[in-house]
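Everything below concerns the one structure shown next.
The values are calculated or read from the model by the stated rules, or taken from the named source; none is laboratory data. Since the model is a prediction, treat every value here as computed from it, not as a measurement. In this analysis, Cβ positions are derived from the backbone assuming ideal geometry, glycine residues included, and neighbour counts consider all displayed protein chains. For accessibility, only protein heavy atoms count, side chains too; no ligands or nucleic acids. Shrake-Rupley method; radii C 1.70, N 1.55, O 1.52, S 1.80 Å.
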Amino acid sequence: MAKVGFIGLGNMGGPMAANLVKAGYAVTGFDMAPAAIAAAEAQGVAVVESAVAAARGAAVVFTMLPAGPQVRQVYLGGAGILAAADPSTLFIDSSTIDVASARAVHEAAAAAGHHMLDAPVSGGVVGAQAGSLTMMVGGTNEGFERGKPYLEIVGRKVVHAGPAGNGQVAKVCNNMILGISMIAVSEAFTLGEKLGLDPKTLFEISSTASGACWAMINHNPVPGIVEGSAANRDYRPGFAAAMMLKDLKLAQEAAGLAEAATPLGAEAAALYTLFVNAGNAGKDYSAIIKLIRGELG
């Protein structure tokens, strides 16, 4: 089977690489964190000394990196993986980054004779471990068809969102909806409690009425309502508030690029900034209800 390179073996990338190993691929990986390296090696990933070494000789190279600057650094320039890779390598960047960086890397990959997909994910660490991620993919039809067999190993739902950068567009739009929705749910349940309405009663009504949404039904911020919610484990993430803030900021950056008005997105970003700056970066994003209830500080 084809050799796969994987750069970025952290909480998301490590399980994704492990699932590729389980599917029978020889995976060569790189990360800068010793703990990530040890965990990947335990899952059968052959760890090498650099990103370039992971990319060299691979038919497909995944990257899962923190932000746009790191993606540009790894891909671009004379010491980047685009220059080191074999001709016609397929690159799949599953990082969540700004649209401009994604499109710049796509352009550089095409100029170097490679195929490129931006394929950010939704589903969190549990989804990465289970191979049940939703993959939002930007790139050419040819690149998508070539990458789909690999994406279907690490994800349950793989959607071609359109040309270069559209995977990132889909990701920031989706998570802007999620961030706004969680704030709305938190405000509604707080208002109901203050007016004497039992949260379980409000859930029973709204979960099958016009107020229903994913954040309320699947990840309710009030303890004791949805069994799998982070609210029932002291708001341990899940999806950390710092990551939600990152995505909301990316959405605002994209809105500026598109000259699109997103006032609720801007307000959500402002509220999550307050929440994170109050020392809650590592809490689940649903813990924003604590800010809305006035339980902080």
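Key figures
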read-out: Condition met for A184 (assigned to a loop (DSSP other than H, G, I, E, B), among the hydrophobic types (A, V, I, L, M, F, W, C), free of Cβ contacts under 8 Å to residues at least 60 places away in the same chain and over 30 Å from D93 (Cβ atoms)); value: no
read-out: Given (1) buried (at least 20 other Cβ atoms within 10 Å of the Cβ); (2) closer than 28 Å to Q252 by Cβ; (3) in contact (Cβ under 8 Å) with a residue 60 or more places away in the chain, number of the condition Y150 does not satisfy; value: (2)
read-out: The one condition in (1) outside any helix (DSSP H, G or I); (2) buried (at least 24 other Cβ atoms within 10 Å of the Cβ); (3) touching a residue at least 60 places away in the same chain (Cβ under 8 Å) that L20 fails to fulfil; value: (1)
read-out: The range 237-277, subset in contact with a Gly (Cβ under 7 Å, 6 or more places away or on another chain), small (G, A, S) and in contact (Cβ under 8 Å) with a residue 60 or more places away in the chain, residue farthest from C173 (Cα to Cα); value: G238
read-out: Members of the range 193-206 that are of a type outside the set (A, V, I, L, M, F, W, C) and more than 14 Å from P221 (Cβ to Cβ); value: K194, G196, D198, T201, E204
read-out: Residue check, R156 in a strand (DSSP E or B) and open to solvent by 70 Å² or more (accessible area, probe 1.4 Å); value: yes
read-out: Selected residue (only one of L274, L245, L264, L257 is of a type in the set (A, V, I, L, M) and either open to solvent by less than 50 Å² (accessible area, probe 1.4 Å) or in contact with a Pro (Cβ under 8 Å, 6 or more places away or on another chain) (or both)); value: L245
read-out: Filter pass, A161 being surrounded by fewer than 22 Cβ atoms within 10 Å (Cβ to Cβ) and in contact with a strand residue (DSSP E or B) (Cβ under 8 Å, 6 or more places away or on another chain); value: yes
read-out: The range 233-242 - residue that is under 20 Å from the mean Cα position of the chain (by Cα) and part of a helix (DSSP H, G or I) and, of those, surrounded by the fewest Cβ atoms within 10 Å (Cβ to Cβ); value: A242
read-out: Qualifying positions in the range 95-111 - outside any helix (DSSP H, G or I) and either at pLDDT below 95 or acidic (D, E) (or both); value: D98
read-out: Output for the range 32-87, where each listed residue is at pLDDT below 95, open to solvent by 60 Å² or more (accessible area, probe 1.4 Å) and small (G, A, S); value: G78, A79, A83
read-out: Hits in the range 199-232 (condition: open to solvent by 30 Å² or more (accessible area, probe 1.4 Å), within 20 Å of L291 (Cα to Cα) and in a loop (DSSP other than H, G, I, E, B)); value: P223, G224, I225
read-out: Members of the range 114-128 found to be modelled with pLDDT of 95 or more and in a loop (DSSP other than H, G, I, E, B), listed by number; value: H114, A119, P120
read-out: Failed criterion for I92 (all others in (1) in contact with a Gly (Cβ under 6 Å, 6 or more places away or on another chain); (2) surrounded by fewer than 24 Cβ atoms within 10 Å (Cβ to Cβ); (3) modelled with pLDDT of 95 or more hold); value: (2)
read-out: Subset of the range 278-289 (residues that are touching a residue at least 12 places away in the same chain (Cβ under 8 Å) and either more than 27 Å from A100 (Cα to Cα) or in a helix (DSSP H, G or I) (or both)); value: A278, N280, G282, K283, D284, Y285, S286, A287, I288, I289
